[in-house]
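K.L.:
One structure, as structure tokens, below. Some questions next.
The values are calculated or read from the model by the stated rules, or taken from the named source; none is laboratory data. Because the structure is a prediction, the values reported are computed rather than measured. Here the Cβ is made from the backbone with ideal geometry for all residues, glycine too, and neighbour counts use every protein chain on show. Ligands, DNA and RNA are stripped out before the accessible areas are found, and what is left, the full protein with its side chains, is counted by its heavy atoms. Shrake-Rupley method; radii C 1.70, N 1.55, O 1.52, S 1.80 Å.
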Amino acid sequence: MVLPPDSLTNASVAARLTNAVNEKLTNNLIQKQNLVYLELNGCSGNIISLLNGENPDFAYALNSMVNFRYSNSLMVAEGTEAIEQMMNVLDEDFILAVEGAVALKNNGLYNVIGSYQGKPLTGLQAVSMLGEKATHILAVGACATHGGVSAAKPNPSESVGIQQVHPQRKVIKLPGCPVNPRWFLGTLAHLLLYGEPQTDHLDRPLMFYSTLIHDRCPRRPFFDQGIFAEKLGDPTCLFKLGCRGPVTRTDCPTKQWNGHVNWPIGNDTPCIGCSQFGFPDAMAPFISYDTTRVVKDE
Amino acid sequence: MRNIELLRLQLNHLVTQARNDLYILATMNDSPYKNQILQRLWETISSIEFLIEYLASLASLSSTQPTMPIPTDLVNEQIQPVTPSPDQPLPDYEYRIFTTQELATYDGKNGRPAFVAVNNLVYDVTNDSAWAAATHFGLEAGKDYTNEFASCHQGQLAILAALPVVGRLA
Ligand code: HEM
Ligand code: SF4
């Protein structure tokens, strides 16, 4: 973090960062590393979100940061050939990023990601194998960090987060539904440049997950004065509609989404706590209209 | 005029506080206190912003209404959220004994307050930020959550200490 008396203009911050990276690059201190991006029981929303990244964007990550060795959705190879590429990485050093939950039911058969040596390869097998060898494990998105939507009641596939499969290993957790590309690419960049980022007691990188949304929300003055929205679209504090900003820690209020375009509260809809452990069940109901006024069926 | 003088003193105090925090931040290396100081700085600046707005409104009012009284709690650091008053005036809670059924009616719906019980004390969470729409991690207001509190917030008695007590459970 940079604070006065250092110059704080955008240009000087950018210059500081580029100089630091260039210096490390010329001294050969940063090397491209292998990345395996495994998609398990989920909706692929995190990889779609990743394609939306900016500064760095996905192309930069692909060309300059990592050797992208495996990705269910994005790689050219398919079928056995794809799975073989995954197996080949096992003999090298690699960072493992996992999106989606691990389905445990029937020995993992509720989530089959390919076939290997004529047998179905389950997500459970893949993550057990890869997780044992990886230099770092990143759980990307709600499902991988704590089960998320895949583990929502009644959880027919018995889905769990990555940590349950690897209880002994440090799993860096990036909750979010989906994860913001900045949180993933930022953590990846930190791994390459400086090693593991500082994390909190729930293994979330502090640089993205330390501050409550409620503490940086532009609508906080309305909360403090008790002026509350009664319906979606009201430009005041969304607390009475069920805003989860006060229990959710992300940098959404300041850095926002889609390349700093907007974020839920900026668009007059309450935070649904997508980056809180236990989402979605623990954050329900997402919206309530019966707190501030009398509804008909009362 | 004396009140304006008080506000000026308060503003000066806040500006000194902010300068001091900036100085600490600029000279300190990575330290676990950094976030706390940043938080204090943020709150100081919010207070300054509020006082400026207030002074501006005083200035615009003073032409029409020169003797506007100043609320006595103005110089307090934090402005407390206002509890929206339900239709009927509430009885004096201090010595109020709630049965489980009575507690269940304080569910935070339709303008009613939201109460929860922990260890036989009944707390008002109507305007507690963590209990938006009278729900908190799948729990609905109006019930006894002694066990849930013990399993989720073990040892975090500060949470309870900060909540207003409205009575006891029968
Ligand atoms: C199902 C059990 C519960 C869970 C999982 C839970 C979870 C949490 C979490 C994760 C936070 C912190 C959010 C953050 O700062 O990052 C929190 C805050 C809070 N919880 Fe709970 N909670 C539970 C039960 C309760 C109960 C029964 C009460 C009743 C008084 C309560 C009152 C609060 C309050 C007042 C805060 C805000 C604390 C502060 O500002 O420091 N919680 N809860
Ligand atoms: S809109 Fe949500 S995060 Fe913002 S001040 Fe209100 S309760 Fe807090």
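K.L.:
Is the shape of chain A rounded, prolate or oblate, going by the alpha carbon gyration tensor and its root eigenvalues a ≥ b ≥ c, with a/c under 1.5 for rounded and a/b larger than b/c for prolate? Mind showing how you got there, number by number?
P.N.:
Numbers: a/c = 2.40, a/b = 1.24, b/c = 1.93.
Cα axes put chain A in the oblate bin.
K.L.:
Same structure, new question: With each pseudo-label sitting 7 Å past Cα toward Cβ, what's the A:GLN225-B:GLN101 distance in nm, one decimal?
P.N.:
That separation, rounded to one decimal, is 4.3 nm.
K.L.:
Read phi for every residue in the range A:209-223 and hand back ³J(HN,Hα) as whole Hz from Karplus 6.51 cos²θ - 1.76 cosθ + 1.60, θ = phi - 60°, with x for Gly and Pro.
P.N.:
10, 8, 10, 5, 3, 4, 7, 10, 6, x, 8, 4, x, 5, 4
K.L.:
Would you mind putting B:45-53, A:43-51, A:4-12 in packing order, based on average other-beta-carbon counts within 10 Å, highest first?
P.N.:
On the way: B:45-53: 15.2, A:43-51: 19.4, A:4-12: 9.6.
Going by the mean number of other Cβ atoms within 10 Å, highest first, we get A:43-51, B:45-53, A:4-12.
K.L.:
Right, another one. Ignoring ligands, DNA and RNA, what percent of the accessible area of the protein assembly as shown is carbon or sulfur (1.4 Å)? Please report the intermediate quantities before stating the final value.
P.N.:
Details: 13570 of 25120 Å².
Carbon and sulfur together cover 54 percent of it.
K.L.:
If you don't mind, another one. Would you mind checking which residues have amide H under 5 Å from A:ASN34's amide H? H placed 1.01 Å from N; only 5 or more apart, or other chain.
P.N.:
Those lying under 5 Å, H to H, from A:ASN34 are A:ASN67, A:ILE95.
K.L.:
When ranked by the protection proxy of mean other Cβ atoms within 10 Å per residue, highest first, what sequence do the peptides A:128-139, A:98-109, B:20-31 form? Mind dumping the intermediate values first?
P.N.:
Values: A:128-139: 19.1, A:98-109: 23.4, B:20-31: 12.6.
Order by mean packing, descending: A:98-109, A:128-139, B:20-31.
K.L.:
Where does the protein assembly as shown land at 222 nm, in deg cm²/dmol rounded to the nearest 500, when only DSSP H runs of n ≥ 4 count, each adding -39500 (n - 2.57), divided by all residues?
P.N.:
Working: 17 runs with 162 residues, N = 468.
My calculation for the protein assembly as shown gives -10000 deg cm²/dmol from helical runs alone.
K.L.:
Suppose all protein chains stay in the model; what accessible area per residue would a 1.4 Å probe give for the range A:5-208, in Å²?
P.N.:
Numbers: 9950 Å² over 204 residues.
So the range A:5-208 comes to 49 Å² accessible per residue, rounded to a whole number.
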